[in-house]
Structures are given as C-alpha cells and as structure tokens.
Amino acid sequence: MAPRRTTPKPPPVVENGDCKPCGGTGNVPTTVRVGRKRRPVGQQDGLCLNCFGTGTEPNA
C-alpha cells in the first residue's frame, strides 16, 4: 500500500482573470434533453452563470 500524500495540491492558477467554468469564453456546454424520460441527445452552448458571459472572474 502506498503512503498517503502529506503535502496539499496547489490551487489551480487563474491566468489573466479568466473565469474557471468557461475558461474565459463566456460559454459553457449545456446538455439538451428530450422525451418523457429526459434522455440526453446532445449539447449546445449556454451562458456562463458564474461570469454572465463576460469571461472574466467576477472577483477580479
């Protein structure tokens, strides 16, 4: 059995104040569901709710 890791991972680096969920594009993939059982059939672009489509980090 391998020993447990004692050092925590560093937080991801945010470059240029880009939003994490959309990567600065302002769009995120949204699953399209159809039918009575709501089965997924594909994806389309949706507005990033973290930055509201601006692509920049809201706290930056």
Which one is modelled with the highest pLDDT, of the residues in the stretch 51-60 that are open to solvent by 70 Å² or more (accessible area, probe 1.4 Å) and part of a loop (DSSP other than H, G, I, E, B)?
F52
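Yes/no per residue for (1) in a loop (DSSP other than H, G, I, E, B); (2) among the acidic types (D, E); (3) modelled with pLDDT of 80 or more; (4) open to solvent by 90 Å² or more (accessible area, probe 1.4 Å):
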site: R4; (1), (2), (3), (4): yes, no, no, yes
site: T31; (1), (2), (3), (4): no, no, yes, no
site: R36; (1), (2), (3), (4): yes, no, yes, yes
site: P40; (1), (2), (3), (4): no, no, yes, no
site: L49; (1), (2), (3), (4): yes, no, yes, yes
Residues being hydroxyl-bearing (S, T, Y) and not in a loop (DSSP other than H, G, I, E, B): count how many of those fall in the stretch 16-29.
0
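The values are calculated or read from the model by the stated rules, or taken from the named source; none is laboratory data. Computed from a prediction, not measured in an experiment: that's the story for all the values here. Accessible surface areas use protein heavy atoms only, side chains included; no ligands, DNA or RNA. Shrake-Rupley method; radii C 1.70, N 1.55, O 1.52, S 1.80 Å.
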